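What follows is a single structure, written as structure tokens, with notes after it.
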Amino acid sequence: MSRRLSTLSLPALLALGLFGAACSDPQAPGGGDLDPRVLYSFEGCDDLLDYTKAQAKQLIDEYGNVYGYDYSNGWWGWEGDGGFGTTGAGESGGDSGGEPQPGDGGGDGNGGGGGGQDYSGTNVQEVGVDEPDVVKTDGERILAVARGKLHFVDASGASPALRGSVSLGADVWDAQMFMHEDRALLLVRAYPYYYGDGGIDGQPQGFDAQKWFGEDYWNSLVRMIEVDISDPDNLKIVANLYITGDLVSARMVEGVSRVVVRSQPTGLMWKDPNEFFDWAAYEKEVGVGNWDEAIYQKYWDKALEQSKVANHALIDASTVENWLPRYVFEDLSGGEAKYTQGMLLDCDRVMHSGVYSGLSTLSVLTADLNANLTLGKGVGIFSEGETVYASKDNLYVATTPWNPADWAIDAKPEDQGRTTYVHKFAIDTRDRADYLASGEVRGWLLSQWAMSEYKGDLRVASTDQLGWDNATSESFVTVLRQSGDDLQQIGQVGGLGKTEQIHGVRFIGDTGYVVTFRQIDPLYTVDVSDPTKPAVVGELKIPGFSAYLHPVGEGLILGVGRDGTEEGQVTGLQLSLFDVSNKAAPVQLHKTTIGSEWGWSEALFDHKAFLWWAKTGLAMLPMEWSSYDEQNGSYTWEHGAFGFNVDKEAGIQLVGQIQHPEPQGQDCVDEWDCGYYWSPMLRRSLVIGDLVYTLSDVGLKASALAGLGDKHWIEFPQE
């Protein structure tokens, strides 16, 4: 029987999930009402198995499947994606936020890029809380992930030099990393390789997931890679940890990382009603080529019941290994690979929320980069959601259970609206994390930036609406304060952006800046100096919207977004400088539009693509744009990084543009393949001393900080 969780030690944190989050009543497997805000632990594997089997059977009985869409009437719901308003990528939504102080340039886990420091770090949400990225630097070393390899660039001398590269293998996708002293921890999305076709040139490539996890396993894998970077001329992969699931988020504080992984159940081959539908009998009754809705429904209902019986049997035969994530650990430190495998989580380290929210597990693992990578102990929660936010002392996980009734076309007003549950964990020690408290807010969150901790309180920006009716949409800023194991609401203000949804948000000190959009972009200033009485004190309406907001000086915020018309049509990429020194009267001082309406920047969706170097007032962002030649009827597509000087009086002035050369020696099918597909897309910018480095998949370019003129070019070796 489940028990309420209170102050449970968690060396590696948490979990939530999306698998079939469509039902149900907040009851424990053994019965009894539960608090939907509270986390409950299991007493052991039997208790956990009772819970998963009971919830899975309830889904089968109600919907005919475990995904939450209704087989009986043809309405297909969302397969646990969090519903409207959530970002499928978890931490990479197109919002803005964070707590870096104006002018500090963001920062990484080693101190950021402000003050007396002569290099820029990753543009993170909280100073001192590092986030994984494709490039890292400590001012002398640059680590970059590109072309399937990890590259080490020595930037300590007059001319940067590539010292070494190590291949990450054939199964790499979307790699990110942390760097701490002489270790790098890479976080990679990988996919199983099908060994049946003999691989490349007759050699199998990548990790054989079917060998370890079963022939039916085709889902993604999370691969954690420990790399010894102490000798830049001989980079060594010393360990790999493969986990069934998908990477959601990660943070690192003082060399201790928490890695969040979402995993679906494995090895359960669900039966679809179509496998049991008797088409021969149906066609015999109605005639070949004929259609009769009532007779079809009769045969469908029979097939549905048969699939339910088969799936019930499948559930009855399931084991704990089917419901919890699994791992394979590859130790390469001794030269010859040594393998261990098993379940990622112990049953008594798994929790569920008081309201059923899914059967996937989102596990948070702790990896201390001061020591070798080990499995450690993790904790999991069966719960929907994927929004993770961390300060230096606490980690918050927000979950928004999906309920089809909330969005049904014929839903009643009293059944509509969403609720987000927020769970708080202490992470102020290196070897564990402790569950502290839980609370709730109305609506759903855009992503990590919708939360911000300030003086012990948590500010949360959310959007809610009644069912499918956009006319009822509005946004809120809510303040939660811990009291015992409760995150109690001590203040709230609503009414922001009626009929609109949040597109950007940033909390700076005791002020929140919220951008909503559907037709005209209102920028709201929310005074939270009195957390019990948050209040909207200012509003600025302009066309378009700002997806990312960054402080660039006292009372100044730079917005990265899209321009637009009065009718709400989105046009080109736009930078806007706002004067917010008077909370009651925010003003747009300057704006500039970049490129055509086909322009796009990764900074719109990922804050780590944006660079602010306060010492010279330089803002940089990568850009893609196209142009059309009317004479020959062709498009050209280009990539580059634009640098702007931002000044309150002078405005937003273009300093220069950086582009990377096309790679040499590429195998191209034709000119189009070389010129278009291989055109290097710039993704990141960083500053070391008097140089600006820009990263693409092709290489690393150093340019003069003053004027952005070319200085050095390093092309990365191909795989």
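For every residue, the table says whether it meets (1) aliphatic (A, V, I, L, M); (2) part of a strand (DSSP E or B); (3) out of contact with any Leu (no Cβ under 9 Å at 6 or more places or on another chain); (4) closer than 21 Å to Arg481 by Cβ.
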| position | (1), (2), (3), (4) |
| --- | --- |
| Leu359 | yes, no, no, no |
| Leu362 | yes, yes, no, no |
| Leu365 | yes, yes, no, no |
| Asn372 | no, no, yes, no |
| Gly376 | no, no, no, no |
| Val379 | yes, yes, no, no |
| Val388 | yes, yes, no, yes |
| Lys392 | no, no, yes, yes |
| Tyr396 | no, yes, no, yes |
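Scanning the stretch 163-182 for residues that are under 17 Å from Gly121 (Cα atoms) and under 24 Å from the mean Cα position of the chain (by Cα) yields Gln176, Met177, Phe178, Met179, His180.
Selection of first residues in the stretch 206-232 that are over 17 Å from Leu168 (Cβ atoms) and in contact (Cβ under 8 Å) with a residue 60 or more places away in the chain and of second residues that are of a type in the set (S, T, N, Q) and open to solvent by 30 Å² or more (accessible area, probe 1.4 Å), restricted to Cβ pairs under 8 Å at least 6 apart or on distinct chains, gives the following pairs, ordered by first then second residue: Trp212/Gln341.
For the stretch 134-149, the set of residues classified as open to solvent by 20 Å² or more (accessible area, probe 1.4 Å), within 16 Å of Tyr119 (Cα to Cα) and of a type in the set (Lys, Arg) consists of Arg141 only. Looking only at residues of the stretch 187-217 that are open to solvent by less than 20 Å² (accessible area, probe 1.4 Å) and part of a helix (DSSP H, G or I), we find that the one that is modelled with the lowest pLDDT is Ala209.
The single residue among Ile658, Ile688 that is open to solvent by less than 10 Å² (accessible area, probe 1.4 Å), closer than 30 Å to Glu554 by Cα, out of contact with any Pro (no Cβ under 7 Å at 6 or more places or on another chain) and modelled with pLDDT of 80 or more turns out to be Ile658. Only one entry in Ser307, Ser363, Ser357 is in contact with a Pro (Cβ under 8 Å, 6 or more places away or on another chain) and at pLDDT 90 or above, namely Ser307.
Take Gln653 and decide whether it is open to solvent by 60 Å² or more (accessible area, probe 1.4 Å) and modelled with pLDDT of 95 or more. Steps first, please.
Working: open to solvent by 60 Å² or more (accessible area, probe 1.4 Å): yes; modelled with pLDDT of 95 or more: yes.
Yes, satisfied.
Is it the case that some residue within the stretch 500-515 is open to solvent by 40 Å² or more (accessible area, probe 1.4 Å), assigned to a loop (DSSP other than H, G, I, E, B) and modelled with pLDDT under 95? No: zero hits. The residue list Leu344, Leu304 contains one member that is over 34 Å from the mean Cα position of the chain (by Cα) and hydrophobic (A, V, I, L, M, F, W, C), which is Leu304.
For first residues located in the stretch 700-719 and on the phi < 0 side of the Ramachandran plot and touching a residue at least 60 places away in the same chain (Cβ under 8 Å), partners that are open to solvent by 20 Å² or more (accessible area, probe 1.4 Å) and among the hydroxyl-bearing types (Ser, Thr, Tyr) and lie 6+ apart or on another chain with Cβ distances below 9 Å form the pairs Ala702/Ser159; Leu705/Thr616; Ala706/Thr616; His712/Ser159; Phe716/Ser165; Pro717/Ser165; Glu719/Ser167.
Met269 meets the conditions (1) touching a residue at least 12 places away in the same chain (Cβ under 8 Å); (2) open to solvent by 70 Å² or more (accessible area, probe 1.4 Å); (3) over 30 Å from Glu386 (Cβ atoms) in every case but one. The failed one is (3). Residues that are of a type in the set (A, V, I, L, M) and either in contact with a Pro (Cβ under 8 Å, 6 or more places away or on another chain) or crowded, with 17+ Cβ neighbours inside 10 Å (or both) are absent from the stretch 581-592.
The residues of the stretch 586-625 that are within 22 Å of Lys701 (Cβ to Cβ), among the polar types (S, T, N, Q) and modelled with pLDDT under 95 amount to a single one, Ser601.
Residue check: is Glu602 surrounded by fewer than 18 Cβ atoms within 10 Å (Cβ to Cβ), out of contact with any Cys (no Cβ under 7 Å at 6 or more places or on another chain), at negative phi and in contact (Cβ under 8 Å) with a residue 60 or more places away in the chain? Answer is no for this residue.
Restricting attention to the stretch 272-294, report how many residues are over 30 Å from Ser360 (Cα atoms) and open to solvent by less than 40 Å² (accessible area, probe 1.4 Å).
Going residue by residue through the stretch 272-294, those that are over 30 Å from Ser360 (Cα atoms) are 278-294.
Still in the running and open to solvent by less than 40 Å² (accessible area, probe 1.4 Å): 281-282, 286-287.
Looking only at that region, the number is 4.
Selection of the stretch 335-366 for residues being among the small types (Gly, Ala, Ser) and open to solvent by 10 Å² or more (accessible area, probe 1.4 Å) yields Gly335, Ala337, Gly342. Which ones in the stretch 535-564 are assigned to a loop (DSSP other than H, G, I, E, B) and open to solvent by 10 Å² or more (accessible area, probe 1.4 Å)? Across the stretch 535-564, the qualifying residues are Glu554, Gly555. Among the residues of the stretch 516-539, is there at least one that is more than 22 Å from Lys424 (Cα to Cα) and under 22 Å from the mean Cα position of the chain (by Cα)? Yes: the stretch 516-539 contains one or more residues that are more than 22 Å from Lys424 (Cα to Cα) and under 22 Å from the mean Cα position of the chain (by Cα). Residues Gly17, Gly32, Gly64: which one is open to solvent by 10 Å² or more (accessible area, probe 1.4 Å), small (Gly, Ala, Ser) and modelled with pLDDT under 90? Gly32 is the lone residue from the list that is open to solvent by 10 Å² or more (accessible area, probe 1.4 Å), small (Gly, Ala, Ser) and modelled with pLDDT under 90. Across the stretch 565-582, the qualifying residues are those that are of a type in the set (Val, Ile, Thr) and not in a strand (DSSP E or B), and the one among them that is modelled with the highest pLDDT is Val580. His180 satisfies every condition listed in (1) within 11 Å of Pro232 (Cβ to Cβ); (2) buried (at least 20 other Cβ atoms within 10 Å of the Cβ) except (1).
For the stretch 372-393, taking the residues that are among the polar types (S, T, N, Q) and either in contact (Cβ under 8 Å) with a residue 60 or more places away in the chain or touching a helix residue (DSSP H, G or I) at 6+ places or on another chain (Cβ under 8 Å) (or both), the one that is nearest to Ser263 (Cα to Cα) is identified as Ser383. Of all residues in the stretch 295-327, exactly one satisfies the criterion of being more than 16 Å from Lys53 (Cα to Cα), of a type in the set (A, V, I, L, M) and open to solvent by 30 Å² or more (accessible area, probe 1.4 Å), namely Ile295.
I'd like to know if the stretch 474-487 contains one or more residues that are crowded, with 20+ Cβ neighbours inside 10 Å and not in a strand (DSSP E or B). Checked the stretch 474-487: no residue is crowded, with 20+ Cβ neighbours inside 10 Å and not in a strand (DSSP E or B).
The values are calculated or read from the model by the stated rules, or taken from the named source; none is laboratory data. Since we're looking at a predicted model, the values are computed, not measured. As a convention, Cβ positions derive from the backbone with ideal geometry for all residues, glycine included, and neighbour counts pool all protein chains shown. All accessible areas refer to the heavy atoms of the entire protein, side chains included, with ligands and DNA or RNA removed. Shrake-Rupley method; radii C 1.70, N 1.55, O 1.52, S 1.80 Å.
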